[in-house]
1. Relative contact order of chain B, please, whole-number percent, based on alpha carbon pairs below 8 angstrom and at least 6 residues apart.
2. Pull up all non-local amide H partners of residue A:235: gap of 5 or more, or a different chain, and H-to-H distance under 5 Å with H placed in the peptide plane.
3. Check the straight Cα-Cα distances from residue B:10 and name the aspartates and glutamates below 15 Å, setting aside those fewer than 8 residues away within the same chain.
4. Can you tell me the 0 to 90 degree angle between the C-alpha axis of helix B:88-101 and the longest principal axis of chain B, rounded to 10?
5. By the 4.7 Å beta carbon criterion, which cysteine residues of chain B come out unpaired?
6. Calculated from DSSP H runs of 4 or more alone, at -39500 (n - 2.57) each and per residue, what is the 222 nm mean residue ellipticity of chain A, nearest 500?
7. Let a ≥ b ≥ c be the square roots of the eigenvalues of the Cα gyration tensor of segment A:127-242; is it rounded (a/c under 1.5), or, if not, prolate (a/b larger than b/c) or oblate?
8. Label point 7 Å out from residue B:268 along Cα-to-Cβ: which residues of segment B:300-316 have amide N under 18 Å?
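Coordinate-derived values only; no laboratory data. All of these numbers come straight from a predicted model, not from anything done at the bench. Note that each Cβ is placed from the backbone with ideal geometry, even for glycine, and that neighbours are counted across all protein chains shown.
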Amino acid sequence: MKIGLFIPCYIDAFYPNAGIATLELLEKLGQDVEYPMDQTCCGQPMANSGCNSDAAAAEALFVRNFAKYDAIVMPSGSCTHHVRDNFDAIPQTDDVKHVRKNTFELVEFLHDILKVEEFPWAEFPHKVGLHNSCGTLRALRTASMSELGEPFFSKPMDLLSKVKGISFATPKRPDECCGFGGTFSVTEEAVSARMGLDKVRDHHQAGAEYIVSADTSCMMHQQGCAERGGVPIRFIHIAEILNGARA
Amino acid sequence: MKVKPVNHAKAAEEFLEDAPHLTFHDERLWDMRQKRDQQMHLLPEWQDLRTRASEIKEHTLANLPEYLEQFEANAKKNGIHVHWAKDGEEHNRIVAEILEQHGAKTLIKSKSMVTEECDMRAYLQPRGVTVTETDLGERIQQLDDQLPSHIVVPAVHKLVPDVARIFAKNYNTDPNDNSPQSLAEAQRMAARPVILTSDAGMTGGNFLVAETGTFVVCTNEGNADLSATVPNLHIATLGIERLVPRMADLGVFVRLLSRSALGSPITQYTTHFRGPQKGGEMHIILVDNGRSTRLGMEEFWTSLKCIRCGACMNTCPVYRRSGGLSYGAVYSGPIGAIIDPTFNERKYSTLPFASTMNGSCTNVCPVKINIHEQLYKWRRVLAEHHELPFVKREIMHMAGKLMGQPKLYRTAINGTEVALSTLPRFVLYNWLNPWGKHRELPHPVKQTFHSWYKQNRLKKDKAQ
């Protein structure tokens, strides 16, 4: 299986360590991974703003970069959601269909496709609060949601539970959106920032030293709110912990 | 005159500045969501009920004309006068005519979102009709001259001292008496004489039953029953989408309604109105007011399944932190954001963007309306209809172009200085600036992933 690695723009520019950890982790698990150098963006920001036709160029480029791979893996729930569920600014050719069908968010790829049983190199002796982005929770369904009253399941927690020394904090409102929401974070700045502050406070009060998530965009926003609001909590991408980061 | 879009973001910002109100609002509504969850856990068949409710509503909406005619015929057999109103204006005229025929000058009414849609009080007042709301929350909103901020708990954005201030102004009570008991008592003392002497009564309604020609009103205060039965004249106003085919269908909806709304198993009063009381007269006004048009909208017609429980509002993290009035519309919250643009696309063009599209609303909705997907679809429709702010449209257009050209894109992000010099000033100062108002920016890094990969993987490959 040849894997194409997609690194979302904000990870590329602001959180390269999450990207590096994703690559190294997949390599440690014996995967054949390539990062196409001409990649930019999946088209989500334009499409989510309603400007779907403006997403066409990014989507077309995405398909040119990734059509040749058996699987496309990305450390981002919201980008995966866009490619899988909303990627329709361009004609739905066989290549487009192939790409949409074979794009995976990292956690679901590790959990459902590779079915990884252990991360012997990983140890994280900290109490963490798990943040499931709304994309992973309610679109990709990598965890149960409180709205449906379904039996508990959590693919990210399954994976993290295999890490030595880790423990979990339980926030009061685990499924509440953190308020990032893409351009919402700018156009509805006040509500967005308040939601972010409430989110990081909830985790902090539950005793979390770190917030861990499969989505860096949520954490970029939460980190900004925590730092401004004086909430002492740190942030780490799930790939970094699974790849063996200690702190 | 050009209609100005509602500035939800600004109204929300003002709402957020008042900590006591914000905290109460958020926690009160979250508590309702949690009580709803508890009720859901008590019913193993909850998801089946949602599916069934959705199917019944979709079936009914797909056969609406037939069921409406069936309802009309059966209601007439029960001795009910049936009226049809194509819009708010016609609705209000019908009400005024019925009242005039009876020489009625005073009207008591229970909660009805349809009369808010039609702005009925503003129509009747200058025609010499005194309208008194009998639902406590609705009465508070009437006295304060505000729209209901929530479809189930209309004054949920107010604290007790706000009510004390409003009652002091209208009922001469002590403005410093913040006891809920004495405020409730003041309202009771003010309302009872009005109810007992009123010429006519009006109610909304939750369900019309086609096979029986009857309708059902669900309330918790008993005020609808007083409004309907104390005066001899009862006018009921309902939207045409309130219909269910059979009496048996009610079992599904009555079980879902109050559990979803307040987290209680059932409303205190669930009254079936089957015809006029002895010596009285009963009228039903079936209101379209845009519903037929909505029914014809391929992507949005299922919003008509709504049973007005407000569960989407209670769960919405944006609604809880911005307050219903910030939506500037009769219907607020997630359901409002997908319904309001059908009334006025430009005025409510901002509302589908007042959402993170987190999808919680869709998953609590008892009739399974795909609310957050409709929000997404509305954004597309509004962009196509040029209802997006100029700056946003331009930025998306530029970003879209940039994202299609890898070389240009690399140049743009490889250094902040490059980005700053390529991005036009209006982008930075009008649009991206708000990020930093209540938030820190991400920390700068030494190297992008792209350049790390080039250095650590591509060069290695070549060396091998």
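1. Once divided by the residue count of chain B, the mean separation gives 21 percent.
2. Counting only residues 5 or more places away or on other chains, the set is A:211.
3. A:188, A:189, B:18
4. The answer is roughly 10 degrees.
5. B:118, B:218, B:306, B:309, B:316, B:365
6. Calculated from helices alone, the mean residue ellipticity at 222 nm is -10500 deg cm²/dmol.
7. Oblate, since a/c reaches 1.5 and b/c is not below a/b.
8. Counting only backbone N, you get no residues.
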